[in-house]
1. For the range 1-18, give me the residue count where each residue is open to solvent by less than 20 Å² (accessible area, probe 1.4 Å) and assigned to a loop (DSSP other than H, G, I, E, B).
2. With the checklist (1) without any contact (Cβ under 8 Å) to a residue 60 or more places away in the chain; (2) more than 24 Å from E54 (Cβ to Cβ); (3) open to solvent by less than 10 Å² (accessible area, probe 1.4 Å) in hand, flag the one item D166 doesn't pass.
3. Do any residues in the range 77-99 that are under 21 Å from Q202 (Cβ atoms) have Cβ atoms under 8 Å from those of residues that are open to solvent by 50 Å² or more (accessible area, probe 1.4 Å) and assigned to a helix (DSSP H, G or I), where the two are at least six apart or on different chains, and which pairs are they?
4. In the range 258-289, which residues are assigned to a helix (DSSP H, G or I), open to solvent by less than 10 Å² (accessible area, probe 1.4 Å) and under 26 Å from I161 (Cβ atoms)?
5. Please specify each residue of the range 1-38 satisfying the condition of being of a type in the set (V, I, T) and under 16 Å from P266 (Cβ atoms).
6. Take the residues in the range 133-150 that are out of contact with any helix residue (DSSP H, G or I) (no Cβ under 6 Å at 6 or more places or on another chain) and small (G, A, S), then tell me which one is most open to solvent (accessible area, probe 1.4 Å).
7. Being free of Cβ contacts under 8 Å to residues at least 24 places away in the same chain and more than 20 Å from P141 (Cα to Cα) is the filter; apply it to the range 46-62 and report the residue that is surrounded by the most Cβ atoms within 10 Å (Cβ to Cβ).
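The values are calculated or read from the model by the stated rules, or taken from the named source; none is laboratory data. Computed from a predicted model, the values in this text were never measured in an experiment. Cβ placement follows ideal geometry from the backbone for every residue including glycine, while neighbour counts extend to all protein chains displayed. Areas reflect the complete protein model, heavy atoms only, side chains present, ligands, DNA and RNA absent. Shrake-Rupley method; radii C 1.70, N 1.55, O 1.52, S 1.80 Å.
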Amino acid sequence: MLLEGLQLPLTTPFYPDGRLNLPKLEHNAARYSKTLVAGLVALSDSGEPTMLSEEETRQALRSVADAAATEKVLMAGVSRDSVAGTLDLAETAAKLGYDAVLVKQPSIFSAGVRGKRVRELLTYFQAVGDRSALPVVLYSPAAGGLLPIEVVIELAGHPQIIGLVDGAGRRERIEALREERARVKREVTVTAVFAAVTGRMQARDDRAAGGLIGADTLTGGGAALAVAPTKAAAKTRTKAVGFQVLAGDTTGMLEALRAGGVGAMPAFAASAPQSCYEVLAAWKDGDEGLAQEKQVRLQRVAEKVEEELGVAGIKFGCDLNGYFGGQPRLPLLPLTGEERTKIEALMQGLRH
């Protein structure tokens with residue numbers, strides 16, 4: 001699966017009384033699908049996955065899959081502390097049509113990864129990779145889940161572990177993976193313009209080019225045939241990729257691209273998808289000066305919203321740009337009036 005471009009982490013909407021708001025989640029997924037983002041990510045850390053019950057988790061994954069455009073790559077956060085729990089949720093994501101799963105280190109390693117813990121962490125990811133129904137993307141958020149680089153290097157060669165979202169956003173970490181990125185070679189299916197071909201696109205093409213229906217099977221006899229409309233499958237080609245690395249924060253996007261990253265998954269993209277996309281687009285066009293200008297424009301607001309205020313700040317940014325953010329689920333608290341006023345001022349140039 002090709003991971004290039006902007007992969008947008010969705011927030012999870014709730015009603016004022018705290019119930020899961022699936023209609024608003026579907027609204028957001030459909031509206032983001034009309035932007036230039038390459039994919040949508042359900043239940044990353046900014047989607048408040050630990051706040052959901054198992055049933056709510058499956059409902060949220062289904063709603064996103066039902067509402068998203070078929071050409072958007074879909075990733076699902078499926079991390080559980082046990083291998084069995086992670087694999088079970090990965091199987092659900094596969095049945096719903098997701099393209100990859102996002103997996104971070106279990107919370108039992110939050111105290112640090114040293115000695116025997118390193119072997120246990122490797123075992124966790126290797127066991128998930130061996131049996132996952134979907135390709136695995138390692139998720140290394142800066143807050144409480146940053147994976148040791150030696151663990152990532154060890155896992156990069158696994159045939160089912162295709163990439164890393166690195167929340168540290170630091171050039172030296174990504175450059176440390178340079179040899180692995182070059183050593184690992186995989187063929188991915190892409191469109192004629194080298195965009196990702198998703199599983200839902202392939203399923204759609206298979207159905208469109210599908211079989212004929214005999215009239216006798218519908219009426220009990222007769223020579224006439226009812227012919228199902230057919231549509232030619234979209235032309236595809238293959239592209240060789242290595243171990244794919246994405247920036248996991250807004251302020252580190254350009255630094256990650258310079259170090260060899262192929263895209264980004266910043267939480268602030270939910271608040272301002274166009275502004276985040278413009279950094280990657282300018283870089284892809286070879287205009288590093290413009291990419292730097294776009295990155296600087298995001299710097300102060302991303303530091304405040306994404307890094308300082310977290311989920312509550314990102315959700316308020318969504319509200320400002322016409323997506324439904326709402327309040328986080330308790331015990332996370334909504335913004336104060338002063339915080340809201342500051343974000344409104346910072347985002348004046350990022351409204352779209």
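1. Summing the residues that are open to solvent by less than 20 Å² (accessible area, probe 1.4 Å) and assigned to a loop (DSSP other than H, G, I, E, B) in the range 1-18 gives 6.
2. Unmet condition: (1).
3. T92/R58; L96/R62
4. A269, A270, C276
5. T11, T35, V37 - these are the residues of the range 1-38 that are of a type in the set (V, I, T) and under 16 Å from P266 (Cβ atoms).
6. Among them, the one singled out is A143.
7. Going through the qualifying residues, I end up with E54.
Table: residues versus (1) at pLDDT below 95; (2) within 21 Å of the chain's Cα centre (by Cα); (3) not in a loop (DSSP other than H, G, I, E, B).
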| site | (1), (2), (3) |
| --- | --- |
| E307 | yes, yes, yes |
| V311 | no, yes, yes |
| K315 | no, yes, yes |
| C318 | no, yes, yes |
| G325 | no, yes, no |
| P328 | no, yes, no |
| L333 | no, no, no |
| E339 | no, no, yes |
